[in-house]
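Colleague: This structure is in structure tokens; I'll ask about it shortly.
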């Protein structure tokens with residue numbers, strides 16, 4: 001991975017510190033240089049190794065900035081930047097993350113009140129000291145205090161499951177406006193990463209003003225952050241939403257560019273350069289006969305850009321699914337025609353991990369089965385929690401009650417048009433034993449074995465424990481293998497290769513728990529699992545009918561793990577599913 005981002009961040013810090021010290025003109029030069037370094041297709045360290053003249057080939061990088069870049073690459077320091085930091089020892093990035101607090105404000109507050117970080121800024125605001133500084137007032141102080149709370153929230157990434165519904169609602173709202181064509185989320189959300197920093201949406205229209213006005217009138221919006229001719233930003237709850245309006249002729253290029261990832265895009269741009277092409281957010285341009293290819297973003301003859309597919313086709317590549325775009329081999333697979341046939345929305349035939357009001361669910365067995373039938377599923381499995389480690393407050397179902405539940409599940413099955421299977425979510429104790437008696441497990445159709453306690457074990461102990469649960473003859477599915485909760489607890493560290501090998505040997509499916517609070521296994525682990533030949537079960541862990549919709553988070557996470565339709569147990573029909581169980 002190149003050091004372009006690292007160097008660009010230093011140049012931006014340099015600009016902010018100069019700005020805070022009241023230096024004119026120079027800050028904008030450093031910011032423009034930072035932007036071009038960040039987006040340059042070649043590693044800045046490679047350019048620096050060839051000397052300052054080569055670094056100056058980066059647009060907007062002159063003698064002074066080039067020398068500082070080479071100095072940093074060679075020594076790890078920029079002497080002038082160190083001096084600026086010593087003169088103004090503040091957390092510039094943290095302080096300027098507060099809306100309305102720019103570098104000049106940071107400089108003033110440091111000089112007058114000695115404020116160096118967010119905590120000190122909050123304390124000063126609460127004590128009423130900021131309003132006493134010349135040029136500030138009570139209202140400014142109140143706005144800063146409000147901004148601190150939001151800045152702290154914004155520093156943490158939002159769960160995909162919280163952000164995606166907002167993007168979907170906005171997409172529908174914008175698409176209803178006359179003159180709006182394609183509307184798509186972009187960024188890490190379109191790649192279906194488990195958390196997102198903010199919500200980026202691209203809308204296609206040749207009437208940007210009307211689209212921006214329509215966006216700002218959306219009744220879900222809170223404060224408007226900024227509004228320009230082509231883009232606007234506002235808040236929805238604690239999330240920032242950025243809208244860009246794109247000309248139809250450039251929409252595909254913009255969607256590809258703003259989807260990322262950066263590493264994927266840099267790799268593509270390098271391929272383009274090798275072919276005499278220039279690839280950017282405005283399209284693909286033939287610059288083979290252009291004297292000054294750095295003369296601007298539209299230099300050369302545009303040969304692609306209206307569709308995302310055309311951008312890949314111009315490079316001789318098939319369209320790469322957004323979930324795969326992390327530069328981890330997907331471009332090489334596209335080049336040799338071996339992209340995987342990823343699992344698709346709509347291919348899941350049944351849910352293997354669900355709960356009812358027999359344990360901690362909200363609904364009856366009949367209601368959950370009816371909801372599965374309404375989704376068009378072919379089958380549904382009832383797997384209420386058993387008692388055991390990690391179950392508190394009477395959540396788990398005792399063994400004798402599990403036997404009683406079998407009769408009710410079969411009675412509901414008799415009245416249903418889909419197949420309904422009995423099951424349980426058994427708890428895996430610290431040694432790998434299951435919390436349900438073997439004679440009870442033998443009478444159930446499906447056994448999901450999951451860890452709910454002892455999640456602080458080391459990697460070897462945790463892996464041995466899970467493998468022992470896999471080896472139990474009754475286990476059909478290893479549920480949410482790490483036990484993680486995103487942004488709350490990391491879960492068990494696991495040797496996924498060993499886990500997958502054991503699962504293959506004992507014909508046990510590894511679960512991708514589709515709850516957006518879990519997404520366990522994650523994409524990286526899934527890729528290891530399928531490469532070892534493991535079977536994946538995409539389950540929602542639903543505790544109420546609406547949570548069956550979580551399946552889409554599971555499908556797209558599976559796509560991030562390069563999981564194919566054939567790898568997924570519950571893309572199979574009833575007969576093939578029951579064959580796996582036997």
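Colleague: Among the residues of segment 545-561, is there at least one that is within 15 Å of residue 476 (Cα to Cα), at pLDDT below 95 and assigned to a helix (DSSP H, G or I)? I'd like the intermediate steps shown before the answer.
Modeller: In the first step, residues of segment 545-561 are kept if they are within 15 Å of residue 476 (Cα to Cα); the result is none.
No, there is no match, as no residue in segment 545-561 is within 15 Å of residue 476 (Cα to Cα), at pLDDT below 95 and assigned to a helix (DSSP H, G or I).
Colleague: Now, a different point. Let me confirm something: among 144, 115, which residue is over 21 Å from residue 10 (Cβ atoms), at pLDDT 90 or above, in the same structural domain as residue 10 (by TED's automatic domain parsing) and assigned to a loop (DSSP other than H, G, I, E, B)? Explain how you work it out, then say what you get.
Modeller: Numbers: 144 fails: assigned to a loop (DSSP other than H, G, I, E, B).
Unique residue meeting the criteria: 115.
Colleague: So which residues in segment 277-293 are part of a loop (DSSP other than H, G, I, E, B) and surrounded by 14 or more Cβ atoms within 10 Å (Cβ to Cβ), if there are any at all? Step through it out loud before you land on a result.
Modeller: From segment 277-293, those part of a loop (DSSP other than H, G, I, E, B) are 281-282, 287-293; that's our starting set.
Passing the criteria: 281, 282, 287, 290, 293.
Colleague: With the checklist (1) crowded, with 16+ Cβ neighbours inside 10 Å; (2) farther than 29 Å from residue 271 by Cα; (3) at pLDDT 90 or above in hand, flag the one item residue 66 doesn't pass.
Modeller: Unmet for residue 66, out of (1) crowded, with 16+ Cβ neighbours inside 10 Å; (2) farther than 29 Å from residue 271 by Cα; (3) at pLDDT 90 or above: (2).
Colleague: Residue 240 passes all but one of (1) over 30 Å from residue 98 (Cα atoms); (2) at pLDDT below 95; which number fails?
Modeller: (1)
Colleague: Conditions: (1) over 20 Å from the mean Cα position of the chain (by Cα); (2) closer than 23 Å to residue 355 by Cβ; (3) without any contact (Cβ under 8 Å) to a residue 40 or more places away in the chain. Residue 491 meets all but one. Number of the miss?
Modeller: (1)
Colleague: Can I ask one more? Checking the conditions here, which among 527, 498 is assigned to a helix (DSSP H, G or I), within 19 Å of the chain's Cα centre (by Cα) and surrounded by fewer than 24 Cβ atoms within 10 Å (Cβ to Cβ)?
Modeller: Numbers: 498 fails: within 19 Å of the chain's Cα centre (by Cα).
Answer to the check: 527.
Colleague: Among the listed residues 309, 330, 313, identify the single one that is at pLDDT 95 or above, under 30 Å from residue 576 (Cβ atoms) and either surrounded by fewer than 19 Cβ atoms within 10 Å (Cβ to Cβ) or not assigned by TED's automatic domain parsing to the domain that holds residue 426 (or both). Spell out the reasoning first.
Modeller: Numbers: 309 fails: under 30 Å from residue 576 (Cβ atoms); 313 fails: under 30 Å from residue 576 (Cβ atoms).
Matching residue, one of 309, 330, 313: 330.
Colleague: Inspect all residues belonging to segment 470-489 and state whether any of them is over 24 Å from residue 384 (Cα atoms) and either modelled with pLDDT under 95 or crowded, with 21+ Cβ neighbours inside 10 Å (or both).
Modeller: Going through segment 470-489, the residues over 24 Å from residue 384 (Cα atoms) turn out to be 487.
Still in the list and also either modelled with pLDDT under 95 or crowded, with 21+ Cβ neighbours inside 10 Å (or both): 487.
Yes, segment 470-489 contains a residue that is over 24 Å from residue 384 (Cα atoms) and either modelled with pLDDT under 95 or crowded, with 21+ Cβ neighbours inside 10 Å (or both).
Colleague: Given segment 164-263, what helices (runs of 4 or more DSSP H) lie entirely inside it while holding 1 or more residues that are over 16 Å from the mean Cα position of the chain (by Cα) and buried (at least 22 other Cβ atoms within 10 Å of the Cβ)?
Modeller: Working: elements: 187-190, 208-216, 251-259.
Correct list: 208-216, 251-259.
The values are calculated or read from the model by the stated rules, or taken from the named source; none is laboratory data. Bear in mind that the values here come from a model prediction, so they are computed numbers and not experimental data. Ideal geometry is used to build each Cβ from the backbone, glycine not excepted, and the neighbour counts take in all protein chains shown.
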